[in-house]
2 protein chains.
Amino acid sequence: MDKQQEILAAALKLFVENGFHGTPTSKIAKEAGVANGTLFHYYPTKDDLIVSLYISIKLRMATHIAEQITDGADYKTMFKTQFIQALYWAMEHQAEFQYVQQFYSSPYQAMLQSAELQQIMDKNCHDIQRAIDDKVIKDLPVDYIFTMISSHLNGIHQYLKNANLDEKKQNETIAQTFGLLWDMLT
Amino acid sequence: MDKQQEILAAALKLFVENGFHGTPTSKIAKEAGVANGTLFHYYPTKDDLIVSLYISIKLRMATHIAEQITDGADYKTMFKTQFIQALYWAMEHQAEFQYVQQFYSSPYQAMLQSAELQQIMDKNCHDIQRAIDDKVIKDLPVDYIFTMISSHLNGIHQYLKNANLDEKKQNETIAQTFGLLWDMLT
DNA sequence: ACATTTGTCGACTGATTAGTCAATCTAAAA
DNA sequence: TTTTAGATTGACTAATCAGTCGACAAATGT
């Protein structure tokens, strides 16, 4: 792992633990095992670091999900795969997922303008629109559908995090939740 | 409005605008029109202020909802009233609702231990349990149901905030969302 | 071999911050 | 009227923090 990645990993850990407020750049550098100045070599300001970390996480998550989708599947399978893989990833990367939420409900969110992230979201919305046009999903605004799926994802993740079920029960719950969601949208 | 309330109002405004990180206590005091020391008279530390503000908002929201429920209604009406009133309140108190989310997904959340808030949540869970026992709501874990309702609430709020519909369309969407949620849970 | 860019270091600084404190004010009780 | 307890003030401080800078090292190109 190179220094830049070490910095991101250290920042993730400390931001989730102590918040943006509670983590000085000096402690991030220390945790990453680099000098103070090195951090500012890669990220000119603390805000840059905070935003870059968010983008980096979202990109990693999107990559994971994109790797799992199989071509030529029907809508339900496609959405189900994405939903379930997103959850798996979230459960295996709790800190990352928590950071995403922390960032998203903070004022830093307003600083975000990433073409890459926009592209991913456009793709998701496009998939939803296609499913609506093909009369698979109910004819409701795309943003509405998208928000519903996202908040379901957050909700079930929060539940699973607290409930601490064994793996079998957990997978059952995930599949069941997608079932409820799918019935709701179709 | 007395000084203590002025402090809470100023803190809310600035925390939502600039985050916990970006708002010094000195600016809160200034915005509230009180001296620096007065703030620390009411809230010994900045953390105290942050947590107290959260509790104060949740309590105000719960009070509003409690005022609207009518006795002797069936389960659907009861849940619908609560769901809709929660949304109305959220739409009319955007800053407060945003603060709640900001706080909840931050590490400050771990500091929270309020008997009053616990009591409100217990009541909600109790209502859900009763509806399950009476076979109105599906037999799933109470926490699961609770999480589903909460995340629906967050999702639809986020959608409405961004979509900026006129009042009629907004009310329609709210009613429709509750419909979908209710069908899912029963 | 040399030159140039890029990465790394850590001591340093100017500005800012949470929280203190002794003095003053207010209002109601005794 | 006098006492007393809480409310209010704002100057003050000790500590902390984001970001700089000049020196040096490593890698890369010529």
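Since every read-out is calculated from the coordinates, none of them should be taken as a lab result. In this text, all values refer to a predicted model and were calculated from it rather than measured experimentally. Glycine also receives a Cβ, built like all others from the backbone with ideal geometry; neighbour counts cover every protein chain displayed.
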key: Angle between chain A longest axis and helix A:94-104 axis [Cα atoms, degrees, rounded to 10]   = 90
query = Across all directions of projection, what mean area in square nanometres is found for the Cα convex hull of chain A?
reply = 11.7
message = Rounded, prolate or oblate, given the Cα gyration tensor of the range B:18-112, with a/c below 1.5 counting as rounded?
response = prolate
query = Hey, rough spin-label estimate for A:Asn164 and A:Lys27, points 7 angstrom out along Cα→Cβ, what's it come to in nanometres?
reply = 2.5
query = Just counting partner chain Cβ atoms within 10 Å, what average do the residues of peptide B:147-158 show around their Cβ?
reply = 6
ask   = With each label point set 7 Å from Cα along the Cα-Cβ vector, what nm distance links A:Phe40 and B:Lys13?
value = 3.4
inquiry  = I need the inter-copy label distances for B:Ala163: point set 7 Å along Cα to C-beta, values in nm with one decimal, smallest first.
reply    = 2.8
ask   = trypsin sites (Lys or Arg not before Pro) within the range B:131-186: which are DSSP loop residues with at most 14 other Cβ atoms inside 10 Å?
value = B:Lys135, B:Lys138
task = From other protein chains only, count the Cβ atoms within 10 Å of every residue's Cβ in A:166-178, then give the mean.
result = 1
note = The answer for the per residue Cα convex hull volume of the range B:84-186, in Å³, is 110
request  = In nm to one decimal, list the spacings between the B:Ala66 label point and its equivalents in the other copies, with label points set 7 Å along Cα to Cβ, shortest first.
outcome  = 5.1
request  = Taking each label point as 7 Å beyond Cα in the direction of the beta carbon, state the distances from B:Gly33 to the same residue in the other copies, shortest first, in nm.
outcome  = 5.6
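Please compute the contact order of chain B in relative form: average sequence separation of alpha-carbon pairs under 8 Å and at least six residues apart, divided by the residue count, as a percent.
Once normalised by length, the contact order is 20 percent.
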task = Quick one: angle between helix B:115-133 and the longest Cα principal axis of chain B, in degrees between 0 and 90, rounded to 10, please.
result = 10
remark   = For chain A, longest principal axis from Cα atoms; helix A:142-163 axis from its Cα atoms; angle between them, nearest 10 degrees, is 70
query = Over the Cα atoms of the range A:56-123, how large are the radius of gyration and the largest Cα-Cα distance (Dmax), in Å?
reply = 13.2, 40
key: Percent of C-alpha pairs per 10 Å bin, the protein assembly as shown, short to long   = 4, 21, 30, 27, 14, 3, 0
query = Label-point separation (nm) for A:His126 and B:Ala95, each offset 7 Å from Cα along Cα-to-Cβ?
reply = 4.1
ask   = Shielding of A:12-22 by partners, i.e. mean partner chain Cβ atoms within 10 Å per residue?
value = 3
